[in-house]
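Everything on this sheet refers to the single structure shown next.
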Amino acid sequence: MVVVGGITRLTLSGLSITEWQPVVGVLPPLSAADWASEFAKYKEIPEYRVVHSGMSLDEFKAIYFWEYAHRLLGRLIALVYAVPLGWFWMRRWLPHRLIPALSGILLLGCVQGGLGWYMVESGLVDRPEVSQYRLVAHLALALAIYAAILWAALSVARRPTPSPPPRARQGRVEVGWRWAADAILFFVAVTVLAGGFVAGTRAGLTYNTFPLMDGRLVPEGYDQLRPFILNWFENMAAVQFNHRLLAVTTVIVIFLVWAVGWHAALPRPVRGALRGLLAVAVLQMALGITTLVLVVPVPLAAAHQAGAILLLTGAIIFRHVVRTAAR
């Protein structure tokens, strides 16, 4: 779902459906008249006049496909989640400890649908694209839902395992590794959200060199907006630099934790999760650099977004196995 949403953004398809119809909208246009009506609605918004002026009906159908697929997938996820949840609940098959978490995930999914339309709405009247702030909010909630689902699944699938360090050292080791896992999860999450601002401002289409940005470590014009904090969210130079800096920092943090873990007496699940996390971090950085220097081809950019979710997955799994092993 997140990757399809990313492709929707990359192909500038997100505003092709100008209405939110949660029930009727399940069906796509089925006749020539229906397609003509949808195309006429799209022609009335700023994005058509500024970005896609003169596009053909067939070109409109191509961008319509991605937005329709994104919305349809969201509806299917809701159905696949809510129906079994209701069935298990009525049959009293749900453990009591899971009911609040699973109900909360369903509620967040409903909120996400509304937030998605709130995001789209920002690009229908006064501007030719959606607000990057609403885009990142939509992405953040998607990541939160995914993280909650994954954490609940891990809690069901994994059992606590005893930690091998001596009891005299156990407290210090537990606290240190929990802090390390929390730090990694924090850096991964912030880096992914910073990438959302890169997508929202299309900052990846500029400064397509690495490691320097047009020959400079810090790009010229980093602080051109006032107040200064606006640069982090609206200035393409600052937005891209911050994402680069966070990405490199995240990889360094993961590498340092892995280096310490190499010589530590860690349980096998923790050691395996840490190795996997490092491998995914290296892969994701390679994807990011390649996407940048090739000026954001859609397949590579989509793979980079998928890599971000995979890296988040690795960070959550590492945090969970550390927590489980410390019991």
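The values are calculated or read from the model by the stated rules, or taken from the named source; none is laboratory data. Everything numeric here is computed off the predicted structure, so don't read it as measured data. We place every Cβ from the backbone using ideal geometry, glycine too, and count neighbours over all the protein chains shown. Note: accessible area is taken over every heavy atom of the protein model, side chains too, but ligands, DNA and RNA are not part of it. Shrake-Rupley method; radii C 1.70, N 1.55, O 1.52, S 1.80 Å.
Miscellaneous remarks
- Screening Trp262, Trp258, Trp232 for residues that are over 16 Å from Gly195 (Cα atoms), aromatic (Phe, Trp, Tyr) and modelled with pLDDT of 95 or more leaves exactly one candidate, Trp258.
- Being β-branched (Val, Ile, Thr), open to solvent by 60 Å² or more (accessible area, probe 1.4 Å) and either touching a residue at least 24 places away in the same chain (Cβ under 8 Å) or in contact with a helix residue (DSSP H, G or I) (Cβ under 7 Å, 6 or more places away or on another chain) (or both) is a condition met by at least one residue of the stretch 211-219.
Here is a yes/no grid of residues against (1) in contact with a helix residue (DSSP H, G or I) (Cβ under 8 Å, 6 or more places away or on another chain); (2) open to solvent by 40 Å² or more (accessible area, probe 1.4 Å); (3) under 18 Å from Arg127 (Cβ atoms):
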site	(1), (2), (3)
Ala32	no, yes, no
Leu57	yes, yes, no
Ala62	no, yes, no
Phe65	no, yes, no
His70	yes, no, no
Gly74	yes, no, no
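- Pairs are defined by a Cβ separation below 8 Å, a sequence spacing of at least 6 or placement on different chains, a first member in the stretch 24-51 that is closer than 24 Å to Arg202 by Cβ, and a second member that is among the acidic types (Asp, Glu); the pairs so defined are Pro46/Asp126; Glu47/Glu129; Val51/Glu129.
- Some residue of the stretch 168-178 being closer than 20 Å to Leu150 by Cβ and modelled with pLDDT under 95: yes
- Among residues of the stretch 233-253 that are closer than 17 Å to Ile184 by Cα and in contact (Cβ under 8 Å) with a residue 60 or more places away in the chain, those with a beta-carbon under 8 Å from a residue that is open to solvent by 40 Å² or more (accessible area, probe 1.4 Å) and of a type outside the set (Gly, Ala, Ser) at least six positions away or on a different chain give the pairs Thr249/Phe187; Thr250/Phe187; Val253/Phe187.
- Single residue of the stretch 89-146 satisfying the filter (hydroxyl-bearing (Ser, Thr, Tyr), assigned to a helix (DSSP H, G or I) and touching a residue at least 24 places away in the same chain (Cβ under 8 Å)) that is most open to solvent (accessible area, probe 1.4 Å): Tyr133
- Test: residue in the stretch 41-54 that is open to solvent by less than 70 Å² (accessible area, probe 1.4 Å) and over 21 Å from Ser131 (Cα atoms): yes
- Candidates in the stretch 71-88 are the residues that are without any contact (Cβ under 8 Å) to a residue 24 or more places away in the chain and of a type outside the set (A, V, I, L, M, F, W, C); of these, the one that is nearest to Gly14 (Cα to Cα) is Pro84.
- Test: residue in the stretch 209-223 that is within 14 Å of the chain's Cα centre (by Cα) and under 22 Å from His304 (Cβ atoms): no
- Options Leu225, Leu256: the member that is farther than 23 Å from Val295 by Cβ and open to solvent by less than 60 Å² (accessible area, probe 1.4 Å): Leu225
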